[in-house]
Amino acid sequence: MGDAAGDAHRLEDGQETVTGGRILALLGLTAVSAAAPAAGQTWRTLTLSRPAHGESTLTVDVQYSAGRFRLTPGTSRTLYRVEMSYDEDRFTPVREFDAEASVVRLGLRGRSGSGVRVSVGDRRRDRQPATFDLSLNPDIPLTLNLELGAVESDVELGGLALRRVTYRAGASSSTVRFSRPNPVDCDELELEAGAAEFHVTSLANANCRRVSFHGGVGEVSLDFTGSWRQSVEADVDVSIGSLTLGLPRDVGVAIRVNRFLASFESAGFTKRGQTYYSSNYSSARYRLTMRVNATIGGIDVNWMD
(Lines give C-alpha, C1' and ligand atoms only; values in the text may rest on other atoms or scores of the structure.)
Protein backbone atom coordinates (compact mmCIF):
# COMPACT_ATOMS: atom_id res chain seq x y z
CA MET A 1 0.00 0.00 0.00
CA GLY A 2 1.40 3.43 -0.91
CA ASP A 3 2.99 5.78 1.63
CA ALA A 4 2.88 9.02 -0.35
CA ALA A 5 0.94 12.02 0.96
CA GLY A 6 -1.23 12.04 -2.12
CA ASP A 7 -2.54 8.47 -1.71
CA ALA A 8 -6.20 8.22 -0.71
CA HIS A 9 -7.87 5.44 1.27
CA ARG A 10 -11.20 4.71 3.00
CA LEU A 11 -11.23 2.07 5.72
CA GLU A 12 -13.85 0.63 8.04
CA ASP A 13 -13.06 -0.03 11.73
CA GLY A 14 -16.23 -1.64 13.04
CA GLN A 15 -18.69 1.12 12.24
CA GLU A 16 -16.20 3.97 12.07
CA THR A 17 -14.95 5.44 8.83
CA VAL A 18 -11.36 6.72 8.71
CA THR A 19 -10.06 8.75 5.80
CA GLY A 20 -6.84 10.46 4.78
CA GLY A 21 -3.54 9.78 3.06
CA ARG A 22 -0.87 7.78 4.86
CA ILE A 23 -1.78 4.77 7.04
CA LEU A 24 -0.81 4.60 10.74
CA ALA A 25 -1.56 2.27 13.65
CA LEU A 26 -3.39 4.11 16.45
CA LEU A 27 -5.19 2.83 19.54
CA GLY A 28 -6.22 -0.38 17.84
CA LEU A 29 -7.69 1.33 14.76
CA THR A 30 -6.23 2.05 11.37
CA ALA A 31 -5.68 5.80 10.96
CA VAL A 32 -4.90 7.56 7.74
CA SER A 33 -2.97 10.83 7.58
CA ALA A 34 -1.33 13.23 5.16
CA ALA A 35 1.98 15.04 5.34
CA ALA A 36 2.24 18.85 5.20
CA PRO A 37 5.21 21.10 4.48
CA ALA A 38 5.77 22.88 7.82
CA ALA A 39 9.44 23.13 8.72
CA GLY A 40 10.43 21.01 11.72
CA GLN A 41 7.08 19.25 11.77
CA THR A 42 5.70 15.93 10.61
CA TRP A 43 2.20 17.11 9.75
CA ARG A 44 -0.75 14.73 9.65
CA THR A 45 -4.47 15.05 8.95
CA LEU A 46 -6.90 12.47 10.32
CA THR A 47 -10.64 12.26 9.61
CA LEU A 48 -12.97 10.04 11.65
CA SER A 49 -16.73 9.58 11.46
CA ARG A 50 -19.27 7.14 12.88
CA PRO A 51 -22.80 6.53 11.56
CA ALA A 52 -25.77 6.87 13.90
CA HIS A 53 -27.53 3.59 14.72
CA GLY A 54 -30.53 4.46 16.86
CA GLU A 55 -28.66 5.92 19.86
CA SER A 56 -31.01 7.65 22.32
CA THR A 57 -28.30 9.68 24.09
CA LEU A 58 -24.61 10.46 23.62
CA THR A 59 -21.87 11.76 25.91
CA VAL A 60 -19.03 13.54 24.13
CA ASP A 61 -15.74 14.20 25.97
CA VAL A 62 -13.14 16.33 24.17
CA GLN A 63 -9.63 17.14 25.44
CA TYR A 64 -7.61 19.45 23.24
CA SER A 65 -4.79 21.56 24.60
CA ALA A 66 -3.33 23.77 21.87
CA GLY A 67 -4.31 25.03 18.44
CA ARG A 68 -7.59 25.92 16.78
CA PHE A 69 -10.90 24.28 17.67
CA ARG A 70 -14.22 24.43 15.83
CA LEU A 71 -17.52 22.73 16.67
CA THR A 72 -20.70 22.77 14.56
CA PRO A 73 -23.92 20.75 14.23
CA GLY A 74 -23.55 17.86 11.82
CA THR A 75 -26.10 15.62 10.12
CA SER A 76 -28.67 13.22 11.58
CA ARG A 77 -27.00 10.30 9.79
CA THR A 78 -23.70 10.66 11.66
CA LEU A 79 -22.97 10.48 15.40
CA TYR A 80 -19.84 12.56 15.02
CA ARG A 81 -17.28 13.60 12.46
CA VAL A 82 -13.87 14.97 13.40
CA GLU A 83 -10.92 16.16 11.35
CA MET A 84 -7.63 16.70 13.18
CA SER A 85 -4.46 18.25 11.76
CA TYR A 86 -1.46 17.93 14.05
CA ASP A 87 2.30 17.52 14.38
CA GLU A 88 2.80 13.77 14.63
CA ASP A 89 6.12 14.20 16.46
CA ARG A 90 4.39 15.96 19.36
CA PHE A 91 0.81 14.64 19.47
CA THR A 92 -1.14 11.39 19.38
CA PRO A 93 -4.83 11.42 18.41
CA VAL A 94 -7.31 9.99 20.89
CA ARG A 95 -10.51 8.23 19.83
CA GLU A 96 -12.45 5.95 22.14
CA PHE A 97 -16.05 4.89 21.64
CA ASP A 98 -18.01 2.94 24.24
CA ALA A 99 -21.10 1.73 22.40
CA GLU A 100 -22.73 0.25 25.52
CA ALA A 101 -22.46 3.52 27.48
CA SER A 102 -22.86 5.77 24.38
CA VAL A 103 -19.70 7.70 25.24
CA VAL A 104 -17.14 9.02 22.77
CA ARG A 105 -13.78 10.49 23.79
CA LEU A 106 -11.84 12.54 21.28
CA GLY A 107 -8.74 14.71 21.36
CA LEU A 108 -5.01 15.07 20.98
CA ARG A 109 -2.58 13.82 23.62
CA GLY A 110 1.03 14.92 23.95
CA ARG A 111 3.48 12.13 23.21
CA SER A 112 5.51 12.98 26.31
CA GLY A 113 2.75 12.08 28.74
CA SER A 114 -0.87 12.42 29.73
CA GLY A 115 -1.28 15.99 28.56
CA VAL A 116 0.17 18.78 26.49
CA ARG A 117 1.99 21.67 28.08
CA VAL A 118 2.36 24.68 25.84
CA SER A 119 5.57 26.71 26.01
CA VAL A 120 6.51 29.97 24.34
CA GLY A 121 8.16 28.00 21.56
CA ASP A 122 4.83 26.44 20.60
CA ARG A 123 3.74 29.79 19.23
CA ARG A 124 6.71 30.50 17.02
CA ARG A 125 5.82 31.72 13.58
CA ASP A 126 7.44 28.72 11.94
CA ARG A 127 5.03 26.39 13.71
CA GLN A 128 1.75 25.58 12.03
CA PRO A 129 -1.02 25.37 14.66
CA ALA A 130 -2.90 22.14 15.18
CA THR A 131 -6.58 22.18 14.20
CA PHE A 132 -9.58 20.22 15.42
CA ASP A 133 -12.93 20.39 13.58
CA LEU A 134 -15.82 18.50 15.17
CA SER A 135 -19.45 18.11 14.11
CA LEU A 136 -22.13 16.36 16.20
CA ASN A 137 -25.51 14.82 15.53
CA PRO A 138 -28.22 17.51 16.05
CA ASP A 139 -31.01 15.05 16.92
CA ILE A 140 -29.51 12.93 19.72
CA PRO A 141 -29.62 14.42 23.25
CA LEU A 142 -26.05 15.26 24.22
CA THR A 143 -23.95 15.63 27.34
CA LEU A 144 -21.01 17.68 26.11
CA ASN A 145 -17.73 18.10 28.00
CA LEU A 146 -15.06 20.29 26.39
CA GLU A 147 -11.64 20.64 28.06
CA LEU A 148 -9.57 23.12 26.04
CA GLY A 149 -6.19 24.66 26.74
CA ALA A 150 -4.38 27.39 24.79
CA VAL A 151 -6.96 27.19 22.05
CA GLU A 152 -8.59 29.63 19.66
CA SER A 153 -12.12 28.27 19.55
CA ASP A 154 -15.23 28.91 17.50
CA VAL A 155 -18.14 26.88 18.86
CA GLU A 156 -21.65 26.83 17.37
CA LEU A 157 -24.01 24.96 19.69
CA GLY A 158 -27.22 26.29 18.17
CA GLY A 159 -29.60 23.52 17.11
CA LEU A 160 -27.89 20.74 19.06
CA ALA A 161 -30.01 18.75 21.53
CA LEU A 162 -28.10 19.63 24.70
CA ARG A 163 -28.84 18.08 28.10
CA ARG A 164 -25.77 19.43 29.85
CA VAL A 165 -22.67 21.33 28.73
CA THR A 166 -19.32 21.85 30.45
CA TYR A 167 -16.87 24.13 28.63
CA ARG A 168 -13.47 24.78 30.20
CA ALA A 169 -10.69 26.73 28.51
CA GLY A 170 -7.26 27.98 29.54
CA ALA A 171 -5.40 30.92 28.01
CA SER A 172 -7.69 31.22 25.03
CA SER A 173 -9.90 33.21 22.73
CA SER A 174 -13.39 31.70 22.70
CA THR A 175 -16.59 32.45 20.83
CA VAL A 176 -19.63 30.35 21.75
CA ARG A 177 -22.89 30.81 19.87
CA PHE A 178 -26.42 29.47 20.30
CA SER A 179 -27.76 30.67 16.97
CA ARG A 180 -30.80 28.35 17.09
CA PRO A 181 -32.90 27.11 20.03
CA ASN A 182 -31.99 23.90 21.82
CA PRO A 183 -34.90 21.50 21.12
CA VAL A 184 -34.65 19.79 24.54
CA ASP A 185 -34.48 20.98 28.15
CA CYS A 186 -30.93 21.57 29.40
CA ASP A 187 -30.08 21.15 33.06
CA GLU A 188 -26.85 23.19 33.25
CA LEU A 189 -24.39 25.15 31.15
CA GLU A 190 -21.04 25.51 32.91
CA LEU A 191 -18.43 27.84 31.39
CA GLU A 192 -14.91 28.41 32.69
CA ALA A 193 -11.93 30.33 31.29
CA GLY A 194 -8.49 31.39 32.46
CA ALA A 195 -6.69 34.34 30.89
CA ALA A 196 -9.12 34.75 28.07
CA GLU A 197 -11.29 36.68 25.70
CA PHE A 198 -14.63 34.95 26.02
CA HIS A 199 -17.86 35.81 24.17
CA VAL A 200 -21.19 33.97 24.35
CA THR A 201 -24.23 34.97 22.27
CA SER A 202 -27.95 34.09 22.46
CA LEU A 203 -27.70 32.23 25.75
CA ALA A 204 -31.48 31.94 26.08
CA ASN A 205 -31.45 29.57 23.08
CA ALA A 206 -29.43 27.12 25.19
CA ASN A 207 -32.64 26.48 27.19
CA CYS A 208 -30.60 25.70 30.34
CA ARG A 209 -32.08 26.19 33.79
CA ARG A 210 -28.70 27.06 35.28
CA VAL A 211 -25.81 28.95 33.71
CA SER A 212 -22.45 29.60 35.34
CA PHE A 213 -19.30 31.37 34.24
CA HIS A 214 -15.99 31.45 36.13
CA GLY A 215 -13.21 33.55 34.63
CA GLY A 216 -9.73 34.69 35.61
CA VAL A 217 -8.31 37.57 33.62
CA GLY A 218 -9.82 38.92 30.42
CA GLU A 219 -12.70 40.38 28.48
CA VAL A 220 -16.03 38.57 28.87
CA SER A 221 -19.41 39.15 27.26
CA LEU A 222 -22.53 37.12 28.05
CA ASP A 223 -25.57 37.79 25.85
CA PHE A 224 -28.82 36.40 27.31
CA THR A 225 -31.02 37.10 24.29
CA GLY A 226 -32.77 34.39 22.28
CA SER A 227 -35.90 32.28 22.65
CA TRP A 228 -36.88 32.19 26.33
CA ARG A 229 -38.81 29.06 27.37
CA GLN A 230 -37.98 28.92 31.08
CA SER A 231 -36.57 31.12 33.84
CA VAL A 232 -32.81 30.96 34.38
CA GLU A 233 -30.47 31.13 37.35
CA ALA A 234 -26.94 32.36 36.60
CA ASP A 235 -23.71 32.61 38.60
CA VAL A 236 -20.91 34.76 37.20
CA ASP A 237 -17.43 35.16 38.71
CA VAL A 238 -14.85 37.43 37.10
CA SER A 239 -11.51 38.13 38.80
CA ILE A 240 -9.77 40.80 36.74
CA GLY A 241 -11.20 42.24 33.57
CA SER A 242 -14.37 43.54 31.96
CA LEU A 243 -17.79 41.89 31.98
CA THR A 244 -20.54 42.91 29.57
CA LEU A 245 -24.05 41.56 30.12
CA GLY A 246 -26.56 41.61 27.25
CA LEU A 247 -30.01 41.57 28.89
CA PRO A 248 -33.39 41.36 27.07
CA ARG A 249 -35.85 44.10 28.04
CA ASP A 250 -38.86 41.74 28.19
CA VAL A 251 -37.29 39.43 30.81
CA GLY A 252 -37.42 40.21 34.51
CA VAL A 253 -33.86 40.55 35.79
CA ALA A 254 -32.52 40.46 39.35
CA ILE A 255 -28.77 40.84 39.92
CA ARG A 256 -27.03 40.49 43.25
CA VAL A 257 -23.60 42.06 42.92
CA ASN A 258 -20.56 41.45 45.12
CA ARG A 259 -17.68 43.61 43.90
CA PHE A 260 -14.30 44.90 45.00
CA LEU A 261 -12.70 47.70 42.95
CA ALA A 262 -15.22 46.96 40.20
CA SER A 263 -17.76 49.35 38.74
CA PHE A 264 -21.37 48.41 37.89
CA GLU A 265 -23.63 50.10 35.36
CA SER A 266 -26.97 50.09 37.20
CA ALA A 267 -29.13 52.08 34.77
CA GLY A 268 -32.49 50.39 34.33
CA PHE A 269 -32.43 48.82 37.80
CA THR A 270 -33.89 49.63 41.19
CA LYS A 271 -31.75 48.58 44.14
CA ARG A 272 -33.30 46.84 47.13
CA GLY A 273 -30.75 45.68 49.67
CA GLN A 274 -27.84 44.10 47.76
CA THR A 275 -29.96 43.19 44.73
CA TYR A 276 -30.78 45.22 41.60
CA TYR A 277 -34.20 44.60 39.99
CA SER A 278 -35.48 45.52 36.55
CA SER A 279 -38.78 47.43 36.53
CA ASN A 280 -40.66 44.45 35.08
CA TYR A 281 -39.22 41.81 37.41
CA SER A 282 -42.53 41.04 39.17
CA SER A 283 -44.68 41.00 36.03
CA ALA A 284 -42.39 39.29 33.49
CA ARG A 285 -43.24 35.79 32.28
CA TYR A 286 -39.59 34.67 32.50
CA ARG A 287 -36.94 35.78 34.96
CA LEU A 288 -33.15 35.85 35.01
CA THR A 289 -31.82 35.66 38.57
CA MET A 290 -28.11 36.36 38.61
CA ARG A 291 -25.32 36.47 41.17
CA VAL A 292 -22.22 38.36 40.02
CA ASN A 293 -18.86 38.42 41.80
CA ALA A 294 -16.30 40.83 40.36
CA THR A 295 -12.94 41.77 41.84
CA ILE A 296 -11.17 44.32 39.64
CA GLY A 297 -12.69 45.74 36.46
CA GLY A 298 -16.10 46.84 35.25
CA ILE A 299 -19.58 45.40 34.81
CA ASP A 300 -21.52 46.91 31.91
CA VAL A 301 -25.15 46.24 31.02
CA ASN A 302 -26.59 46.45 27.50
CA TRP A 303 -30.39 46.33 27.40
CA MET A 304 -31.47 44.59 24.21
CA ASP A 305 -34.83 44.38 22.42
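The values are calculated or read from the model by the stated rules, or taken from the named source; none is laboratory data. Everything numeric in this text was worked out from a predicted model, so none of it was measured. Reconstructed Cβ throughout: ideal geometry from the backbone, glycine too, with neighbour counts over all protein chains shown.
For the reader, a short list of remarks on this structure follows.
- Odd one out for residue 236 among (1) more than 16 Å from the chain's Cα centre (by Cα); (2) on the phi > 0 side of the Ramachandran plot: (2)
- Test: residue in region 287-295 that is at pLDDT below 90 and not basic (Lys, Arg): yes
- Applying the condition of being over 18 Å from residue 224 (Cβ atoms) and part of a loop (DSSP other than H, G, I, E, B) to region 268-282 and asking which residue is modelled with the lowest pLDDT yields 274.
- Inter-residue pairs, beta-carbon under 6 Å, first under 18 Å from residue 222 (Cβ atoms) and in region 171-187, second small (Gly, Ala, Ser) and part of a strand (DSSP E or B), 6+ apart: 172/196; 174/153
- The set of residues in region 59-76 that are more than 20 Å from residue 180 (Cα to Cα) and not β-branched (Val, Ile, Thr) comprises 61, 63, 64, 65, 66, 67, 68, 69.
- Some residue of region 186-207 being of a type in the set (Phe, Trp, Tyr) and within 22 Å of residue 304 (Cα to Cα): yes
- The single condition among (1) more than 15 Å from residue 236 (Cα to Cα); (2) within 11 Å of the chain's Cα centre (by Cα); (3) at pLDDT 95 or above; (4) buried (at least 20 other Cβ atoms within 10 Å of the Cβ) that residue 182 does not satisfy is (2).
- Out of 65, 85, sole residue that is within 28 Å of residue 159 (Cα to Cα) and either at pLDDT 90 or above or not small (Gly, Ala, Ser) (or both): 85
- Filtered by the rule that a residue be buried (at least 20 other Cβ atoms within 10 Å of the Cβ) and under 14 Å from residue 157 (Cα atoms), region 185-232 gives 186, 189, 191, 200, 202, 203, 204, 205, 206, 207, 208, 226.
- Scanning region 222-254 for residues that are in contact with a Pro (Cβ under 8 Å, 6 or more places away or on another chain) and under 30 Å from residue 171 (Cβ atoms) yields 224, 225, 226.
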